[in-house]
C-alpha cells in the first residue's frame, strides 16, 4: 500500500465483513494505528511490545492466538553489513516487506523474524548478503538485552526540511534529492511523500531507497553560524 487512505479503505472493508479472527502480516506503526482505530471495539493482540514492525491479531474473543512467527540468527556477520544490505537481500528473493519484521543487527549477528509459512524458504535461500556468504539458523526470540547497532549523528542545516536533511546526511545534491522525491523513492513515516519542502517533526522516520533510513530525534539549538543543529539516528 502506497497511501494511508488505500490501507484504511482495505482495513475498513475487513471490519465490515468481519466473521473470524484476522492475523495481519507485519505492519509498520502507522498501519498498526489504523487497524487499532478501525477495530476499536475488538480485542487486538500484538506480536511484540517494543518492535517497530509487528503482527496484529484482531478477534472478538479475549484469547491470544499463535502469531505464527519464526526467528533466525546468522551464524556469522561482517561488521560492515547494514540494514539496507539485509533488506536488499531479502527483497531480491522476491519476499514482500510484510513477510518479515524488524531486522536486528549487532556487532556479531543478524537477527530476522518472519511469518512461519515463509521461514523455510528464507532459511534455504538467504545465503549471501552483500559480498559475504552468510547462513541462518533457527533460534528463539532475541533477548531484550541484545543491543542493536545505531549510528548517531548531529548535523547543522539551514532548515529542517526533508530535502535539506537528506542532502546533508547522504551528501546528495538538492536537485537530485528533489528528483528522488518526485520519483517516489522517499517515504516519511512509511508512506511515499511528494512534499519536497516537508517540515520534519521529532520521531519522524525517513526512508530513502538505496540509502537507508533517518530517524529525526530533535533539534539541539543553533550552531555558531546560526544554523539549526539536528540530532539523528541513521540506519544504513
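The values are calculated or read from the model by the stated rules, or taken from the named source; none is laboratory data. Computed from a prediction, not measured in an experiment: that's the story for all the values here. Cβ placement follows ideal geometry from the backbone for every residue including glycine, while neighbour counts extend to all protein chains displayed.
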- Item | Qualifying residues in the stretch 227-236 (those that are in contact with a helix residue (DSSP H, G or I) (Cβ under 8 Å, 6 or more places away or on another chain) and either in a strand (DSSP E or B) or without any contact (Cβ under 8 Å) to a residue 24 or more places away in the chain (or both)) - the one surrounded by the fewest Cβ atoms within 10 Å (Cβ to Cβ) | 234
- Task: Look at residue 148 and say whether it is in a strand (DSSP E or B) and at pLDDT below 95.
- Result: no
- Can you tell me how many residues in the stretch 197-226 are surrounded by 15 or more Cβ atoms within 10 Å (Cβ to Cβ), part of a loop (DSSP other than H, G, I, E, B) and touching a strand residue (DSSP E or B) at 6+ places or on another chain (Cβ under 8 Å)? 3
- Query: Within the stretch 118-126, is even one residue part of a loop (DSSP other than H, G, I, E, B), without any contact (Cβ under 8 Å) to a residue 40 or more places away in the chain and buried (at least 20 other Cβ atoms within 10 Å of the Cβ)?
  - Reply: yes
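Residues checked against (1) in contact (Cβ under 8 Å) with a residue 40 or more places away in the chain; (2) in contact with a strand residue (DSSP E or B) (Cβ under 9 Å, 6 or more places away or on another chain); (3) within 26 Å of residue 151 (Cα to Cα); (4) in the same structural domain as residue 189 (by TED's automatic domain parsing):
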| site | (1), (2), (3), (4) |
| --- | --- |
| 21 | yes, yes, no, no |
| 46 | no, yes, no, no |
| 51 | yes, yes, yes, no |
| 73 | yes, yes, yes, no |
- Query: When you look at residue 162, is it more than 21 Å from residue 3 (Cβ to Cβ), outside the structural domain of residue 47 (by TED's automatic domain parsing), within 20 Å of the chain's Cα centre (by Cα) and surrounded by 11 or more Cβ atoms within 10 Å (Cβ to Cβ), yes or no?
  - Reply: no
- Task: Report, by residue number, each residue of the stretch 167-196 that is in contact with a helix residue (DSSP H, G or I) (Cβ under 7 Å, 6 or more places away or on another chain), crowded, with 17+ Cβ neighbours inside 10 Å and under 23 Å from residue 102 (Cβ atoms).
- Result: 186, 188, 190, 191
